Amino acid sequence: AGRIKAAEEVTIASRLASRVTALPFREGQAFRKGQTLAAFDAPEMRQALSSAESTLEAARVGRDKARLQEARIDSLRQTGVASDRQLELAVMDLRAAEAAYAQATAALSTLRESLSLTVPFDGVVVRRHVDAGAPVASGQPVLDVRSHAVGEIEVPFPESELGRLTTDRIQFQIGDSAWKN
């Protein structure tokens, strides 16, 4: 008799102080990679999300404006009306606007990710540390989850029998599944 260890065994914790609004999976229930395992609501996060969305929109407008300006200056430079220096400045403005847009996109994504918990593997909920509606602190454990993938099989084995491992066939069975070599 032995123990099959999952490839991943994780305790998922809240990223922010908030209230748990949803825990869609019960203990023992399976989930798929990327599914939301817990959702949160924090009043200050709603304001931060609104601000981040506004910042992203402003960055998008700035990026689009810089693209148009760069195209105009490039066209004017080809006809001799604008200088190489003016084009260089327009290109630098465009790069700065694209960087601001990328930064705003990342900030909004980080905020949105803080409002829910997911994991990058298929698995099962092992333990719920809190119930829906409960307040949680930043870093507080919310769920223990385990992947379906087998990581290791641990079996107590006498050291005196190690020599037999090279000639004996090792088989294992998980639950009611077929025996595997």
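Observations on the model:
- For region 153-161, Karplus couplings with θ = phi - 60° (6.51, -1.76, 1.60), whole Hz, Gly/Pro x: 10, 9, 9, x, 9, x, 4, 5, 9
- The amide H of Phe121, built 1.01 Å from its N in the peptide plane, has Gly34 as neighbours under 5 Å, considering only residues 5 or more places off or on other chains.
- Whether region 68-171 is rounded, prolate or oblate, judged on the alpha carbon gyration tensor where a/c under 1.5 counts as rounded: oblate
- Rounded if a/c under 1.5, otherwise prolate or oblate - region 94-137, Cα gyration tensor axes: oblate
- Glu159 accessible area, assembled protein chains, probe 1.4 Å, Å²: 150 Å²
- Cα-projected label distance for Ser160 with Thr105, points at 7 Å along beta-carbon direction, nm: 6.6 nm
- Å² per residue, accessible surface of the chain at 1.4 Å: 65 Å²
- Solvent-accessible surface (1.4 angstrom probe) belonging to His148, in square angstrom, nearest 10: 110 Å²
- Listed residues Leu56, Pro141, Pro24: farthest to the positive end of the dipole of the chain (Cβ charges): Leu56
- Cα long-axis angle, helix 84-114 against the chain (0 to 90 degrees, to the nearest 10): 30 degrees
- Estimated dipole of region 33-172 in Debye, rounded to 20 [Cβ of Lys and Arg +1, of Asp and Glu -1, Cα centre]: 460 debye
- Partners for Lys5 among lysines (Cα-Cα distance below 29 Å; same-chain residues under 8 apart left out): Lys33, Lys180
- Taken along the Cα-to-beta-carbon direction at a fixed 7 Å, the label points for Leu76 and Ile153 span 7.4 nm.
- By definition, a body whose alpha carbon gyration tensor gives a ≥ b ≥ c is oblate when a/c is 1.5 or more and a/b is not larger than b/c, and the chain fits this oblate description.
The values are calculated or read from the model by the stated rules, or taken from the named source; none is laboratory data. Everything quoted here is computed from the prediction, not taken from an experiment. When we count neighbours, we look across all protein chains shown, and the Cβ atoms used for this are built from the backbone with ideal geometry, even at glycine. For the accessible areas, the whole protein counts, side chains as well, though only heavy atoms, and no ligand, DNA or RNA atoms are used. Shrake-Rupley method; radii C 1.70, N 1.55, O 1.52, S 1.80 Å.
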